[in-house]
Structure formats: structure tokens, C-alpha cells
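The values are calculated or read from the model by the stated rules, or taken from the named source; none is laboratory data. Since the model is a prediction, treat every value here as computed from it, not as a measurement. We place every Cβ from the backbone using ideal geometry, glycine too, and count neighbours over all the protein chains shown.
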Amino acid sequence: MKRAVPVHERWAHFGTERSKLAHTPRAGVCISAFLIARRGNSILLGLPRMHDSWTGKGGYAKWRLAEPEMQNAWLLPATHLRMEEHPDDAARRISYEWTGLKGKPQLVTIQSHLRRRRNGNHWDLCFVYEMHVRALPKCKPWWSEMRFVRSEEILKMKLGRGHKDILREAGYV
């Protein structure tokens, strides 16, 4: 009788071939792109506002936005990747559609975070991009406010789930 392979011994392969299908974490997998828009030693952060666009632009359910909005938690411009979307395309989508910035985001690092939750583990695979900008973009309706914040001030701020981890691991704060 073949023994069941424990979850921690399985390969994280995804695909249509039966031999490549494998267990995904019980609490899911998110593949996201984050944009570090810099002006000197400052990083662009946004204070989210409850808006229908979060579902279409950020891949973030509107109801999930209640927590960061109520807590005044700032966010990096970011999005979940669409199915079969290249991370570079997601980064350009963040810069043009989500924030209104012009320029070409450059990949700086890829991060992996495993978060333990009540219903199991959740795996985040994060593509982190950077671009240098000159001016603050016009605030879109899905943001209450956008501003550049100096790196040392970010450590004192309330940021949305995982966003401070992204900045720390990439060496920005």
C-alpha cells in the first residue's frame, strides 16, 4: 500500500499534467506585484478608500478593504496577478492604471512569505518592482490620500498586512 506523502514533502508544482498537480496551502496562494515608487529617500504610500475598483484593479475583495480603511493602514501600490499575467505587465498596470505614474518599473526582488492562519498556511509570492518618480501622482478615487513618506517615518506608520514586511525584506526600511 502506497503511503500518503505529507504536505511538507510535496513539490509545489502547478499544471495540467496529473503528475505535476500538487497540494496548495489550505489557506491559499497569492501571487502579487508590489511597486516601490521612490522620490529620493521617500516611498509612495496610499491610504485606501472603499471603492468598487479594488476588485478589478487590485484583485482585492471590497469587503476586505474595510480593515485597512478603518485602521488607517497605508498600502504600497500593489495588485494580485491575473491568470497567466506576466509580473512585468502587472507592475506596469500598477504604475499606469492604479497610481497614474509614468515610467518603467524594474524588478528588484522576488519574495516568498508563508503565513500561518487558523485554517492553515497561506503562501504569498511577491514580485517587487521599483521606479523613480519626480512628482506625486493625482490621487485616484480609490485612494483617500497618497503621499511620499521618508523611509525612517514608514517604520512608525500603520501599514496594511504584509506591506511593511515587503519593504523590510527588500531593504527599504
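A search for C-beta distances below 6 Å between a residue of region 16-37 that is farther than 30 Å from Tyr172 by Cα and modelled with pLDDT under 85 and any residue that is polar (S, T, N, Q) and in a loop (DSSP other than H, G, I, E, B), counting only pairs 6+ apart in sequence or on different chains, returns Arg26/Asn119. Scanning region 93-110 for residues that are surrounded by fewer than 17 Cβ atoms within 10 Å (Cβ to Cβ) and not in a loop (DSSP other than H, G, I, E, B) yields Tyr96, Glu97, Gln106, Leu107, Val108, Thr109, Ile110. The residue that is surrounded by the fewest Cβ atoms within 10 Å (Cβ to Cβ), among those in region 147-173 that are assigned to a strand (DSSP E or B) and modelled with pLDDT of 95 or more, is Arg150.
Among the residues of region 74-92, those that are without any contact (Cβ under 8 Å) to a residue 12 or more places away in the chain and either in a helix (DSSP H, G or I) or touching a helix residue (DSSP H, G or I) at 6+ places or on another chain (Cβ under 9 Å) (or both) comprise Glu85, Asp89. The single condition from (1) at pLDDT 90 or above; (2) among the basic types (Lys, Arg); (3) more than 25 Å from Val149 (Cα to Cα) that Arg92 fails is (3). Contact annotation: residue pairs with Cβ atoms under 9 Å, 6 or more positions apart or on different chains, pairing a residue in region 110-124 that is free of Cβ contacts under 8 Å to residues at least 40 places away in the same chain with a partner that is among the aliphatic types (A, V, I, L, M), are Ile110/Leu125; Ile110/Val128; Ser112/Leu125; Arg116/Ala27; Arg118/Ala27.
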